[in-house]
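Participant: After the structure tokens below, expect a handful of questions from me.
The values are calculated or read from the model by the stated rules, or taken from the named source; none is laboratory data. As the structure is a prediction and not an experimental result, all values here were calculated from the model. No Cβ is skipped: glycine too gets one built from the backbone with ideal geometry, and neighbour counts run over all protein chains shown. Accessible surface areas use protein heavy atoms only, side chains included; no ligands, DNA or RNA. Shrake-Rupley method; radii C 1.70, N 1.55, O 1.52, S 1.80 Å.
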Amino acid sequence: MILTNPKGTQDFLPSQSAQKHFVETQFRNVVALYGFSEIVTPTFENTELFLRSTGLTTDIVTKQMYTFTDKGNREMALRPEGTPGVVRAVLQYKLKLPVRLFYSGPMFRYEKPQKGRYREFYQLGVESIGEPNPDIDVEIIEMGLRFFNNAGLPEVIARVNSVGCMACRPKHRIELSMFLSDHQSEICDDCKTRSEQNPLRVFDCKEATCQNLYINAPKIMDFLCYDCQQHFQVVLSELAEQKVPFELNKMMVRGLDYYTRTAFEFVLPGGKLSNEALLGAQDSLGGGGRYDNLVEDFGGAKTPAIGFALGVERILMCLEMPKQTRKTIYIIPLDAETWKQGRKLLTALRSTNIPALINPADKNLRTGLGYADNLACEYVIIIGANEMQKNVYTLKNLVKRTQEEIPQDKIIEVLTQKQENTQN
Ligand code: HAM
């Protein structure tokens, strides 16, 4: 029996890997423009790290963490998200603040797999730690949208809300709890638990009946304290002033506990994404927000912070990718004598940074052409006795189905020129 990949995971075959690489490159280019440097943290951490940050009442911690006890009896978890590890590292290595960091890598959540929702998935994330002002929130949101624009998704907008702070939440919590107890019979079992443990979390429920009911529930936005109100007002007015495409959504609360003040998600508007590629709950291509208490909760000094993470698989699902460029040159010598010449040419091409492969010595022209096509090569160089006699190579374009003879001493020049033309 042929073994298959575990449920909820994905293999990226070469063409998909090329697309994933394209998305990552666009991301790296954009975040570099905003002064972010890369950080790489482990894919597993002490479980406690996530209990203390992602949140004890979140679905991620209660239902979705891959945890295990290692051989030294330590409680470990595969990271479900990148933020806690980054904040831990910033504190552990006493990085000078403010600091702007980005990361890229796999995350793990034991979720019910479906289109756009996996158990292992890749995130591209940023964290700006130590920057309190609302214009940073705008800058970060604008940066995310610039990435989407550059990657080929200019329609993406930011859905924004403010989830307040420790000062505004208690009053809202009381009002929301009263609303929920009045409607206990109408809400799902998960929301019954949420209404006891962390009522704000009900807004995150994916059940349509709950969502409809919560349209009339008290929203945190209407309970913001003076400082949070001021902060959010600046965010909204600057977003508008800078013509950043966004919509205010008072029901958006995000699925993690550490958020304070500005919270946002990147979505394709008008449910376009839900219909075409993803299903309702998976419509966010990325999300983030402020987390002004997390550094302190981890034992550091009071430090404001903000960040976001993007879901690579979801982005790939929405992108029309440019076709993979065919770059590698395939050399087909037709006999033992010309094979030696082919080997020399192979080395010369690679030394000039031209990717090249050679047909196995025991395979003929037909097999070679088949291999070249499988390997997505655009050009084949054929070397036979005839070519050796005339001091040329036959250069065959597999895409255009043309061929020409090129003097042997001109081949590198000609191929370099052709490469430059495809890049321009
Ligand atoms: P998150 O909303 O949990 O936030 O995840 C961010 C993005 O990761 C989502 O919008 C989605 O695109 C993608 N994603 C999440 N779960 C899955 C899944 N099971 N399968 C496929 N894609 C998924 C965070 O992770 C925060 N750490 C973001 C952040 C950074 N906040 C502040 N800094």
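Participant: Using a Förster distance of 22 Å, how high is the FRET efficiency between E207 and Q10, based on the Cβ-Cβ distance and rounded to 0.05?
Facilitator: Step by step, r from the Cβ atoms, then E = 0.20.
Participant: Quick one: if you stick a label point 7 Å off each Cα along the C-beta vector at D135 and E337, how many nm between them?
Facilitator: So the label points at D135 and E337 sit 7.5 nm apart.
Participant: Further question: May I ask which residue of V234, I315, C205 lies farthest towards the positive end of the charge dipole of the chain, with charges of +1 (Lys, Arg) and -1 (Asp, Glu) on Cβ and the Cα centre as origin?
Facilitator: I315
Participant: Ignoring everything except DSSP H segments at least 4 long, calculate the 222 nm mean residue ellipticity for the chain; use -39,500 (n - 2.57) per segment, divide by total residues, nearest 500.
Facilitator: The helix contribution divided over the chain gives -11500 deg cm²/dmol.
Participant: Evaluated at 4 °C with a viscosity of 1.567 mPa s, what Stokes-Einstein diffusion coefficient in µm²/s does the range 3-84 have when Rh comes from the Kirkwood expression over alpha-carbon pairs?
Facilitator: Stokes-Einstein gives a translational diffusion coefficient of 83 µm²/s.
Participant: Further, regarding this structure: Taking 0.36 nm per residue of separation and subtracting the Cα-Cα distance, what length does fully extending L375 through T422 add?
Facilitator: 15.1 nm
Participant: With both bridge residues required to lie in the chain, what share of the DSSP beta bridges run antiparallel, to the nearest 5%?
Facilitator: Here the antiparallel bridges make up roughly 80 percent for the chain.
Participant: Kindly report, to the nearest 10 Å², the accessible surface of H183 as traced by a 1.4 Å probe over protein heavy atoms only.
Facilitator: The accessible area comes out at roughly 40 Å².
Participant: Starting from the Cα of Q114, step 7 Å along the direction of its Cβ; do the same at S351; then give the gap between the two resulting points in nm.
Facilitator: 5.9 nm
Participant: If you don't mind, another one. To test your reading of the geometry: what angle, between 0 and 90 degrees and rounded to tens, separates the Cα axis of helix 336-351 from the longest principal axis of the chain?
Facilitator: Orientation of helix 336-351: about 40 degrees from the principal axis.
Participant: Over 30 Å between Cα atoms, which of K63/K219; K63/K115; K7/K250; K344/K396 qualify?
Facilitator: K7/K250
Participant: In debye, nearest 20: dipole of the range 329-423 around its Cα centre with unit charges on the Cβ of K, R (+) and D, E (-)?
Facilitator: Approximately 120 debye in magnitude.
Participant: Right, next: Translational D (Stokes-Einstein, µm²/s) of the chain at 20 °C and 1.002 mPa s when Rh comes from the Kirkwood sum over C-alpha pairs? Kindly include the intermediate steps, with their values, before the conclusion.
Facilitator: Numbers: Rh = 24.8 Å.
Estimated diffusion coefficient is 86 µm²/s.
Participant: While we're looking at this one, here's another question. P(r) for the range 329-423: what percent of alpha-carbon pairs falls in each 10 Å bin, starting at zero?
Facilitator: Binned Cα distances yield the sequence 17, 56, 26, 1.
Participant: Right, something else. First compute the accessible area of the chain with a 1.4 Å probe, then give the percent of it belonging to carbon and sulfur atoms.
Facilitator: Answer for the chain: carbon and sulfur cover 50 percent of the accessible area.
Participant: Rounded to the nearest 10 degrees, what's the angle between the helix 14-33 long axis and the longest principal axis of the chain, both from Cα atoms, 0 to 90?
Facilitator: 60 degrees
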